[in-house]
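Peer 1: Handing you a structure now.
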Amino acid sequence: PQLILRSDYKPFPWLLPDVSLDFKLSLEKTRVSSRLEVQRNPNAVPSPVLELNGDGITPLEVLIDGEVVNSWVLEDDKLLISLSGEAHAVEVVTEINPSTNSQLMGLYASNGMLCTQCEAEGFRRITFFPDRPDVLSTYSVRMSGDSVQFPVLLANGNCVASGRHQDGTHWAEWHDPWPKPSYLFALVAGDLVARKDQFTTMSGKNVELAIWVREGDLERTEHAMESLKRAMKWDEEAFGREYDLDLFNVVAVSDFNMGAMENKGLNIFNTKYVLAEPDTATDGDYDAIEGVIGHEYFHNWSGNRITCRDWFQLSLKEGFTVLRDQLFSQDMGSAPVKRIEDVRVLRSIQFPEDSGPLAHPIRPDSFREISNFYTSTIYNKGAEVIRMMRTMAGEERFRKGTDLYFDRHDGEAATCEDFVQSIEDGAGLDLTQFRLWYSQAGTPKVTVRQEQDGTTTRLHLTQSVPPTPGQMDKKPMPIPLALALFDRQTEEHRGEELIVLNEAEQSFEFSDYDAAPIISLNRGFSSPISIERNVPREDLVFLAARDDDPFARYEAMQDLVVSHLVSALRGVLSDADRADGQEAILKAFSAILEDSALDDLMRGELLILPSPAYLSEQLETSNPQAIHEERERLKAWLGTQCAGQFEALHQRASGGAYSRDAAARGLRKLKAQALIYLAAGCPEKAAKMAAAQYHSADNMTDRQSALIALAGLDVPEREEVLDAFYKRYQGDALAIDKWFSIQAQSLHPKAIEHVKALAKHPDFTLKNPNRVRSLYMAFAANPHAFHAADGEGYRMIADCILALDPINPQTAARFVPPLGRWRRIEPGRAALMRAELERIADAKQLSRDTFEQVSRSLG
Ligand code: HT7
Ligand code: ZN
């Protein structure tokens, strides 16, 4: 497959101001007639040929200005039409079979309905088109189909006409007045019902809101609707953005490759991010729904009104929109807890990506298959990079920058550079050197040495950005660091400061400290970096108990545990050191358990141990089994030492009536943490408590946390509760996904055998991405089972990739990165992982998606 380069960008030689599409809908054979009004683009190198992308389709008929013509050729899926004049009407007819579209890109059938997914390059599977984000057109869509099978017909924009034919079919015409690229096109036809509501915008316009689902799911849409209204209001207040159509439709589908899609006026969602009621959705699910509803809605400005010039600029819309959804969720709930959760995702997914064979800058320079670049780097690191600009500018000036960006580029297909320039101009920042964050991959490492010279404290900082594929030498980047210095006597600090490290080595001085202060650094995680410094254990214990920045408090707790576990894993921990380390952690834990000023959501957060993925990042190469065992050993030790406290905590947290307020959610989180530690330390007791919690629960959060604890134990309650869960939720796809993933991710010694059996379960199918992920993604994230020493876990994931690739290559390719980590794993396992990658590479007819990921992973 061809390597596409960012530097090769050229504007399309033709403009397509207006597009009309006509769909004769049917599950097996949908006929698509398109009419493209084309004009020469005065800002492009002229071409006598109109080059239209296609994928797996053939033209049945081509017309130019109403005449059937033969002046076209089909070359490698591209339709090349010779055009002589300045402007023409080009018509093309195609036919597609949505029911055999298992890739779920383009127009496909899901559960008897028809829906589309066009980002990034799915539109070309529907009709021939310049399927690139910088060709903006207004779309008029007509569709007709069976009125019983497809009573609801939706597309982007507003419905302008509809009617019935005598043969039992009906039709609708939709018009979207906003010019958009083809990837934002959407169509849905099916038997759906809607929760309807209204929103009045800040300028007093009324917007009709509808969330469309299968009958029977309607009751589960209340939270999504409330989240949508909150998101609309928040975007007006926080970013001055108002909605711009009379209608906003959301449709939930059960077969979907990702979370959701921001099609103009017609968002399409994975049911997982729409449907919720306490009986079926956890607190985490509720939060995720609010976040994803917000994310897709915010794209209306950051993505739709201003879109991307080319796919190398993906982070322009995704990084910015993730930041916007993070800030929204921070404002809707607990800001510190949300920040910690976001950093945890970054560290356990993006940091490993950035240090592995698939590392790429947030604005990549090349790709073979764009679907492979919907990564944590583009999304999460992209958000962190923009967050740093916000930190350096301050909220008010940052808002001036984003206002300028929205004003300057409204209606355009823009670049990351356009965004940075707008922030620079609007916020009054010099971002010359900062632009390196867009071009350099890798997580910067900052080392810190603290020196006390009389009453002067000096911080000597160094930074280095590690080499990544294709980028051996890196330049220093600006790294904003929020910090506070705690006076040892008063135990207070004199206010938070922001320093910017922008050289390879730099020192910062702070005066009037009689003794070396305790330094709280990178507060709020002001930069997405890793820090290496030697902080005495007592200082970390102090910060974990006393830091006024909740993130820094969490960080001190993590550092305390990470440094202990890493020393143990490096084999440099004497028995005495181990005992001291454990005691320090225990002291910090007890302080957290007993701090009455802490809210329970934050307490629950502080009790979460660093993830195995983050721990393995601290080591050059690691033995995942050893990491797992050391981490479990510490968990068990804490579980035994604090057994009484955890039992009391569980007791305090049990019994209240279900509510979604922060206090009740905090209690549920504590119950989950208490069971996790007790299951490690006192398994029999934990099993009884978990089974009792399961049977008395009135909500999914409690049922799930009980099941997670039990699934890892070899106790009689395990089978009993797993069966009870299955029977209770049989037929409820989202709940049964949980049942699969809890078992696949369990700490049970026989997890591999369980996964093998689950793959043969009648409810398992490779055709549904949620189900595949619930079994195999969960398994790939299971450190002890996936990394079984004999390579069986690797073999299972490789088999899954090979079986899935012909069905859904995009989803198959997403299973490659766990195997691609081989260079960071001890040699025995690394060889087994590599061998599985080679086995995949040797397969015939590998998709472009999987081929690219496997070859980069081996390269
Ligand atoms: N912008 C959307 C991306 C997306 C996608 C990409 C590739 C294949 C399938 C997909 N479904 C959705 C989602 C978002 O970031 O909002
Ligand atoms: Zn997005």
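Peer 1: Excluding residues on the same chain fewer than 8 positions from K180, give the aspartates and glutamates whose Cα lies under 15 Å from its Cα.
Peer 2: D18, E37, E119, E121, D131, D134, D244, E262, D310, D410, E412
Peer 1: With angles folded into 0 to 90 degrees, how steeply does helix 314-332 sit against the dominant principal axis of the chain? Use alpha carbons for both and round to 10.
Peer 2: In the chain, helix 314-332 runs at an angle near 60 degrees to the longest axis.
Peer 1: Among N770, W234, G401, which residue has its Cα positioned farthest towards the positive end of the charge dipole of the chain, with +1 placed on the Cβ of Lys and Arg, -1 on the Cβ of Asp and Glu, and the dipole taken about the Cα centre?
Peer 2: Positive-end residue among those listed: N770.
Peer 1: Also, I was wondering about something else. In debye to the nearest 20, how big a dipole does the chain give about its Cα centre with +1 on each Lys and Arg Cβ and -1 on each Asp and Glu Cβ?
Peer 2: Computed charge dipole of the chain: roughly 1300 debye.
Peer 1: Would you mind calculating the gained length between F508 and D732 on full extension (0.36 nm times residue separation, minus the Cα-Cα distance), in nm to one decimal?
Peer 2: 74.8 nm
Peer 1: Ok, one more. Excluding residues on the same chain fewer than 8 positions from K445, give the aspartates and glutamates whose Cα lies under 13 Å from its Cα.
Peer 2: Result set, ordered by chain and number: D354, E503, E505, E532, E617.
Peer 1: Follow-up question, since we're still on this one. May I ask for the equivalent-ellipsoid semi-axes of the range 237-337, computed as the square root of five times each C-alpha gyration tensor eigenvalue and listed largest first in whole Å?
Peer 2: Semi-axis lengths for the range 237-337 are 22, 17, 14 Å.
Peer 1: Let me know the number of lysine pairs in the range 672-765 closer than 24 Å at the Cα, not counting same-chain pairs under 8 apart.
Peer 2: 12
Peer 1: For T490 and E396, FRET efficiency with R0 = 35 Å and r from the beta-carbon atoms, rounded to 0.05?
Peer 2: 0.65
Peer 1: Among all the lysines, which ones have a C-alpha under 22 Å from K338's C-alpha, if same-chain residues fewer than 8 places away are not counted?
Peer 2: Correct list for K338: K229, K233, K272, K317, K381, K669, K671.
Peer 1: Just add up the charged neighbours of G240: K/R +1, D/E -1, any other residue whose Cβ is under 9 Å from the Cβ of G240.
Peer 2: Charge balance in the 9 Å sphere: -3.
Peer 1: Next question. Just going by the charge dipole of the chain, with Lys and Arg at +1 and Asp and Glu at -1 on Cβ, which of A751, A224, Q103 is farthest out on the positive end?
Peer 2: So the residue furthest toward the plus end is A751.
Peer 1: Now for a separate question. Angle check, please: helix 395-409 long axis (alpha carbons) against the longest principal axis of the chain (alpha carbons), in degrees 0 to 90, nearest 10.
Peer 2: Approximately 20 degrees, to the nearest 10.
Peer 1: Got the relative contact order for the range 14-191 handy, in percent, Cα pairs under 8 Å and 6 or more residues apart?
Peer 2: Relative contact order of the range 14-191: 25 percent.
Peer 1: Pairs of Cα atoms under 8 Å, at least six residues apart: use those to get the relative contact order of the range 383-487, whole percent.
Peer 2: Relative contact order of the range 383-487: 21 percent.
Peer 1: Only Lys, Arg, Asp and Glu count, each charged at its Cβ (+1, +1, -1, -1), so figure out the dipole size of the range 161-300 about its Cα centre, rounded to 20 debye.
Peer 2: Dipole size: approximately 380 debye.
Peer 1: What is the Cα coordinate range of the range 14-191 on the first, second and third principal axes, sorted by size from largest, in whole angstrom?
Peer 2: Per principal axis, max minus min of the Cα coordinates gives 48, 32, 30 Å.
Peer 1: Could you work out the local net charge near P610, counting Lys and Arg as +1, Asp and Glu as -1, over the other residues with Cβ closer than 12 Å to its Cβ?
Peer 2: My count for the surroundings of P610 gives 0.
Peer 1: With +1 on each Lys and Arg Cβ and -1 on each Asp and Glu Cβ, and nothing else charged, work out how big the dipole of the range 199-282 is about its Cα centre, in Debye to the nearest 20.
Peer 2: 180 debye
Peer 1: Any idea what the relative contact order of the chain is, in percent, if you count C-alpha pairs under 8 Å spaced at least 6 apart?
Peer 2: 8 percent
Peer 1: What is the sum of charges around H165, taking Lys and Arg as +1, Asp and Glu as -1, for the other residues whose C-beta is under 13 Å from the C-beta of H165?
Peer 2: Its environment carries a net charge of +1.
Peer 1: Under Stokes-Einstein, with the Kirkwood radius over Cα pairs standing in for Rh, what whole-number D in µm²/s applies to the range 585-858 at 4 °C and 1.567 mPa s?
Peer 2: For the chosen part, D equals 65 µm²/s.
Peer 1: Next question. Please give the residues of the range 805-825, grouped as numeric ranges, whose backbone N is less than 20 Å from a label point set 7 Å along the Cα-to-Cβ vector of E838.
Peer 2: Flagged as within label range: 816-825.
Peer 1: Let me ask something additional. Compute the FRET efficiency between S47 and V93 as 1/(1 + (r/R0)^6), taking r as their Cβ-Cβ distance and R0 = 30 Å, and round to the nearest 0.05.
Peer 2: Step by step, r from the Cβ atoms, then E = 0.80.
Peer 1: What order do you get for 802-810, 177-185 when each peptide is scored by the mean count of other beta carbon atoms within 10 Å, highest first?
Peer 2: The densest-packed peptide leads the list: 177-185, 802-810.
Peer 1: Mind pulling the angle between the C-alpha long axis of helix 550-570 and the longest principal axis of the chain? Nearest 10 degrees, somewhere in 0 to 90.
Peer 2: 70 degrees
Peer 1: Follow-up question, since we're still on this one. For a quick check: sort C159, C642 by the number of other beta carbons within 10 angstrom, fewest at the front.
Peer 2: Neighbour counts put them in this order, fewest first: C159, C642.
Peer 1: Let me ask you something else. Within a 10 angstrom radius of the beta carbon, how do S147, S84, S527 rank from fewest other beta carbons to most?
Peer 2: S84, S147, S527
Peer 1: Output the peptides 534-543, 483-492 sorted from most to least packed, where packing is the average of other Cβ atoms within 10 Å over each peptide's residues.
Peer 2: 534-543, 483-492
Peer 1: Still on this model: What is the log10 of I(q)/I(0) for the chain, computed with the Debye formula using one identical point scatterer on each Cα and no solvent, at q = 0.05, 0.08, 0.09 Å⁻¹?
Peer 2: Debye output, listed in q order: -0.28, -0.74, -0.95.
Peer 1: Just round it to a whole percent: the fraction of Cα-Cα distances in the range 559-717 exceeding 19 Å.
Peer 2: That fraction is 56 percent.
Peer 1: At most 11 other Cβ atoms within 10 Å and a DSSP loop assignment: could you name the GluC sites (Glu not before Pro) in the range 160-229 that fit?
Peer 2: Hits after loop and neighbour filter: E215.
Peer 1: Then there's this: Provide the gained length on full extension for the span E237 to K475, in nm with one decimal, where the gain is 0.36 nm per separating residue minus the Cα-Cα distance.
Peer 2: Result for the pair: 81.9 nm of gain on full extension.
Peer 1: Give the order of W822, W637 when sorted by the count of other beta carbons within 10 angstrom, beginning with the fewest.
Peer 2: Least crowded to most crowded, the residues run W637, W822.
Peer 1: Continuing with the same structure: If you bin the C-alpha pair distances of the range 445-527 every 10 Å from 0, what whole percents do you get?
Peer 2: 17, 46, 26, 9, 3, 0
Peer 1: With n ≥ 4 as the cut-off for DSSP H runs, can you work out [θ] at 222 nm for the chain, using -39500 (n - 2.57) per run divided by the number of residues, rounded to the nearest 500?
Peer 2: -12500 deg cm²/dmol
Here, each number is a calculation from the coordinates, and none is a lab measurement. All values derive from a computational prediction rather than experimental measurement. Please note: Cβ atoms are built from the backbone with ideal geometry, for glycine as well, and neighbour counts cover all protein chains shown.
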